[in-house]
1. Go through the range 234-263 and count every residue that is within 28 Å of Lys318 (Cα to Cα) and touching a Lys or Arg at 6+ places or on another chain (Cβ under 6 Å).
2. Need pairs with beta-carbon distance below 7 Å; first residue within 17 Å of Glu66 (Cβ to Cβ) and within the range 219-233, second surrounded by 17 or more Cβ atoms within 10 Å (Cβ to Cβ) and modelled with pLDDT of 95 or more; sequence gap 6+ or separate chains.
3. Restricting the range 113-132 to residues that are surrounded by 11 or more Cβ atoms within 10 Å (Cβ to Cβ) and among the aliphatic types (A, V, I, L, M), which is nearest to Val182 (Cα to Cα)?
4. Taking the conditions exactly as written (open to solvent by 30 Å² or more (accessible area, probe 1.4 Å), of a type outside the set (Phe, Trp, Tyr) and outside any helix (DSSP H, G or I)), does Asn230 satisfy them or not?
5. On the given criteria, is Ala213 open to solvent by less than 30 Å² (accessible area, probe 1.4 Å), over 16 Å from Gln84 (Cα atoms) and part of a helix (DSSP H, G or I)?
6. Looking at Leu344, Leu313, Leu334 in this structure, which one is under 15 Å from Arg285 (Cβ atoms), open to solvent by less than 30 Å² (accessible area, probe 1.4 Å) and more than 37 Å from the chain's Cα centre (by Cα)?
7. Only one of Val322, Val365 is open to solvent by less than 50 Å² (accessible area, probe 1.4 Å), closer than 30 Å to Gln223 by Cβ, out of contact with any Ser or Thr (no Cβ under 6 Å at 6 or more places or on another chain) and hydrophobic (A, V, I, L, M, F, W, C). Can you tell me which?
8. Please go through the range 241-253 and pick out each residue that is in contact (Cβ under 8 Å) with a residue 24 or more places away in the chain and open to solvent by 20 Å² or more (accessible area, probe 1.4 Å).
Amino acid sequence: MKGLTTILLLLLGGLYSPLTVASFNQYTNAEVRFMHQVYKQHNTNISIKEVRTRVFENQFLLQQAEQNMPELIARQSEVGFSTQYHVERYLMNIFNSQLSLSGHNIKTVNFTQYTTQWLIQVLANYPADGKYTAEQVIKLQRTSLNKLFVNPITLYDFITPLSMQVRFRLHQGDSNLFRSEVLKKRQFNAALLAATPLLLKKRINIDHLQELAKGEILRPSIQSWLGIKNMMHVQSPILDSLEQQISDEEIKIYYQANKKRFKYLNNVTAYGVEFTSREDAIKFRKAVHNSSFTQALTSFKQHDIYAQYQNMLTRKNKSNWVIQLAFTQKEDELSHVIRSPDGLWVVIMSNNHHYKYFTSADETVIYQAKKAIAIQKAKHSYQQNWLAWQQQNAILL
């Protein structure tokens, strides 16, 4: 038992090291079945085949990231938590849900010396750019937290995986947050020690499980980087490069195949009125229902706000708010009473909607076509590389 404990403690130490992508792992049927149970928490209808495809695709994605964007493996965002931090949270959920370790007890720890004053003293001022200087790194690395953890760990090891916001609060002396993060780490360490022998009995390799967790966490970011999925705040250099290579002929072909997408409303006939009182606008709207817009204008002795344009509106006047409103209104449909930016109450109606098509040389067409074509090419390339990787590693899905 002592030997197993030693191995597990070494494993815990490894989890604090920078994340690396291991050489290819052929996941076993036992590991795929185990992950099937994990995925079923969020999708009860997912099949074993779908899970097998997903976990191997995630492994393919990790290797793509290792080759092309290694910085993403360590951290998805400079201001967010490290990938390893997210992996530990993901594994904790697995341990709790699949191994029933949620009630696992951990030994208490003495936080007496780790006060607000201690934090402020050892951390000092938080760097303005969020990046520690060489001197700060050395100081953090020399500050041991071995009293709080079974495995050797420095304050630098502990704090760098945390988000910028959490680190900033720790620099401000938030001792409660420090205790909370320490307890999370201790709970994970204890859960890992308890889970590893249980996983071994199920023929689950803990290194494989960590990679499976990492792949699932990084999947959206890597796919977005590769240009096959859209994710906020992730720029795809693949798409940027592909867009630069798209020819005029490709744009024309795309335009002809998707011309309906480039239809736009060119001009409308519109009638409108505005009131200082919402009640008067409501009364006017009811009058239109009982007669017509022009008759209501006469009855209420109101001026048509579109008369200056002879009620014929074109796109060139769309900088005007009331004209924009007319272009957004459904044809032959009376609007509700609408509050204008000037605080007036407006009722309008537009009809005779006439449409045109942008030409293939229009900037709108070129922009949208390049985006769409680049995505098509990125997806095609992705599928080719994904299939080649399966063949190279003898993956049968």
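1. 0
2. Going by the 7 Å Cβ cut-off, the qualifying pairs are Arg219/Asn58; Arg219/Leu61; Ile222/Leu61; Gln223/Leu61; Leu226/Ala378; Leu226/Tyr382.
3. Leu119
4. Values: open to solvent by 30 Å² or more (accessible area, probe 1.4 Å): yes; of a type outside the set (Phe, Trp, Tyr): yes; outside any helix (DSSP H, G or I): yes.
So Asn230 passes the test.
5. Against the criterion (open to solvent by less than 30 Å² (accessible area, probe 1.4 Å), over 16 Å from Gln84 (Cα atoms) and part of a helix (DSSP H, G or I)), Ala213 does not qualify.
6. The unique qualifying residue is Leu334.
7. Criteria check complete, one pass: Val365.
8. Our first condition is that a residue be in contact (Cβ under 8 Å) with a residue 24 or more places away in the chain; within the range 241-253, this holds for 242-243, 246, 250-252.
The answer is Leu242, Glu243, Glu250, Lys252.
The values are calculated or read from the model by the stated rules, or taken from the named source; none is laboratory data. Keep in mind that what you see is a predicted model, and the values were worked out from it rather than measured. Methodologically, a virtual Cβ is constructed for each residue, glycine included, from the backbone with ideal geometry; neighbour enumeration extends over all protein chains shown. Just the protein is used for accessible areas: all its heavy atoms, side chains included, with ligands, DNA and RNA removed. Shrake-Rupley method; radii C 1.70, N 1.55, O 1.52, S 1.80 Å.
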